[in-house]
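The values are calculated or read from the model by the stated rules, or taken from the named source; none is laboratory data. The structure presented is a predicted model; accordingly, all values stated were derived computationally and were not measured. Cβ: placed from backbone, ideal geometry, glycine included. Neighbour counts: every protein chain shown. Just so you know, the surface numbers come from the protein's heavy atoms only, side chains and all, with ligands and any DNA or RNA stripped out. Shrake-Rupley method; radii C 1.70, N 1.55, O 1.52, S 1.80 Å.
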Amino acid sequence: MPYTKYPLLNKKNLVTQSINKRKSLVDSADFKEPYMPGYNFNAFIDTLPNFLAAKDFKEFVGYLKEARQADKPIIMGLGPHLVKVGLSPQIIDLMERGWVSAIAVNGAFMIHDFEIALAGKTSEDVGSTLHKGEFGNASETGLFLSIALKEGLEQNQGAGEAVGKYLMQGKFANNKYSILYNAYKLNIPLTVHPAIGTDIIHFHPNFDGAVTGKLAERDFLQFSSVVAQLSNGGVYLNIGSAVLLPEVFLKAMAFCTAQGIKLEKFYTAVFDFQKHYRPTENVVKRPVQKGGKGYYFVGHHEIMLPLLAATLLSHCNHNQ
């Protein structure tokens, strides 16, 4: 029995058009030839098709290269996971080659980086030590960092500069793997943005919250002074921080714009192994509303950062 209220549509009424006149979103001109044995890295990059994330990645790398050529800031906000998956040498190499203008980290990054310099190892098995009362109890970490931070306050430094100087003076065996040490050596601003109660040193007897707060305030002002220069081609990368550094970046922008500093026509990118709310809003979307573009690249840091570094270096001369 037919449904008289809803008569069937007649296919003969369909209006068609030639595929040659139709607008298509995929064109074979954007296809790439496969990578072949014996090809170099540049050839590998050229095999990435001009679609979606691959297209965005190559576009973003282009903006990084333009920023360096124009001497605009390239700022990296780094989460502690990068140290824990062995990426410090990759970042230090980019620092040495001039690809990094400034670095922002949180308190956990400072601790892991410091322990690598001090002992050549870091990170704990929280699950097996928490209920034994053994988690976060490394005496050297708590004591030496407290000394470094107090000395930094006396010398009117931020935490990043203070710890970097302490590592240099200490001449620790693994300083070459420390991003804080190398930032100090290369005179690259590295700022530490802690949240009291989130780091193991905060419950050590030598910890002084007033010292940490004063250094953090100075570091925020230092970080904001670099953010203030982003307009017209600068780049900010948030790599592995889901909450704290995206918030710090947004507040640094607010601090700048409240003083009449225009921030427009610059580029941002997030690299992380999953999408998060704050990086999406506070790095990719809100900051570039006055021009520029934001990107979000999803993938494991231990794959994505070497890929980014190699792509940056592949089209440069040996010294760059």
(request) With springs connecting C-alpha atoms under 10 Å apart, model the chain as a Gaussian network and identify which of 128, 224, 88 has the largest mean-square fluctuation. (result) 128
(request) Would you mind checking which residues have amide H under 5 Å from residue 77's amide H? H placed 1.01 Å from N; only 5 or more apart, or other chain. (result) 104, 237, 238, 239
(message) Along its three principal axes, how long is the stretch 167-320 when you only count alpha carbons? Whole Å, largest extent first please.
(response) 47, 42, 30
(message) No solvent, one uniform scatterer per C-alpha: report log10 I(q)/I(0) for the stretch 232-320 via the Debye equation at q = 0.12, 0.20, 0.21 1/Å, two decimals.
(response) -0.41, -0.94, -1.00
(request) With springs only between Cα atoms under 10 Å apart, run a GNM on the chain and tell me which of 209, 234, 158 wobbles the most. (result) 209
(request) Quick one: what are the phi-derived ³J(HN,Hα) couplings along the stretch 237-251, Karplus 6.51/-1.76/1.60 with θ = phi - 60°, whole Hz, x for glycine and proline? (result) 10, 10, 10, x, 10, 8, 10, 5, 5, x, 5, 4, 4, 5, 5
(request) Using a 1.4 Å probe over the heavy atoms of the protein chains, calculate the carbon and sulfur portion of the accessible area of the chain as a whole percent. (result) 54 percent
(message) Residue by residue through the stretch 281-287, what is 3J(HN,Hα) from phi via Karplus (6.51 cos²θ - 1.76 cosθ + 1.60, θ = phi - 60°)? Round to whole Hz and write x for glycine and proline.
(response) 7, 8, 10, 7, 9, 4, x
(message) Taking loop as defined by DSSP and a crowding limit of 14 other beta carbons within 10 Å, which trypsin sites (Lys or Arg not before Pro) in the stretch 90-162 fit?
(response) 121
(request) Hey, can you find the accessible area per residue of the chain for me, probe 1.4 Å, expressed in square angstrom? (result) 55 Å²
(message) So if I take the centroid of the Cα atoms in the stretch 127-169 and the same for the stretch 178-216, what is the distance between those two points in Å?
(response) 7 Å
(request) Calculate one ³J(HN,Hα) per residue across the stretch 72-77 by plugging θ = phi - 60° into the Karplus curve 6.51 cos²θ - 1.76 cosθ + 1.60, and present them in order as whole Hz with x for glycine and proline. (result) 8, x, 10, 9, 10, x
(request) Please calculate the 1.4 Å probe accessible area of residue 264, with all protein chains present, and give it to the nearest 10 Å². (result) 60 Å²
(request) Run down the lysines and flag those whose C-alpha is under 30 Å from the C-alpha of residue 12, throwing out any fewer than 8 positions away in its chain. (result) 21, 23
(message) For the full complex of protein chains and a 1.4 angstrom probe, list 66, 151 by accessible area with the highest value first.
(response) 66, 151
(request) Quick one: pull the percentage of alpha-carbon pairs in the stretch 1-115 with a separation above 20 Å. (result) 69 percent
(message) I need the Kirkwood Rh of the stretch 152-210: take the reciprocal of the average 1/r across all distinct C-alpha pairs and report it in angstrom.
(response) 12.5 Å
(request) Go through 193, 205, 270 and say which Cα lies farthest out towards the positive end of the charge dipole of the chain; charges sit on Cβ, +1 for Lys and Arg, -1 for Asp and Glu. (result) 270
(message) Can you tally the lysine pairs in the stretch 126-252 where the Cα-Cα distance is under 22 Å and the two residues are eight or more apart, or on different chains?
(response) 10
(request) Determine how large the accessible area of residue 95 is when every protein chain is in place; take a 1.4 Å probe and give Å² rounded to the nearest 10. (result) 10 Å²
(message) Restricted to Cα positions, what overall size does the stretch 179-264 have along the principal axes? Three whole-Å values, descending.
(response) 46, 29, 23
(message) As a quick test, which of the pairs 32/84; 55/84; 65/265; 32/285 have an alpha carbon distance above 24 angstrom in this structure?
(response) 32/84; 55/84; 32/285
(message) Can you tell me which of 218, 68, 286 moves the most in a GNM of the chain? Springs connect C-alpha atoms under 10 Å apart.
(response) 286
(request) For the stretch 1-55, state which chymotrypsin sites (Phe, Trp or Tyr not before Pro) are in a DSSP loop and have at most 16 other beta carbons lying within 10 Å of their beta carbon. (result) 3, 31, 35, 39, 51
(request) With +1 on each Lys and Arg Cβ and -1 on each Asp and Glu Cβ, and nothing else charged, work out how big the dipole of the chain is about its Cα centre, in Debye to the nearest 20. (result) 1660 debye
(message) Placing unit charges on C-beta atoms (Lys and Arg positive, Asp and Glu negative, everything else neutral), compute the dipole magnitude of the stretch 1-109 about its Cα centre in debye, rounded to 20.
(response) 880 debye
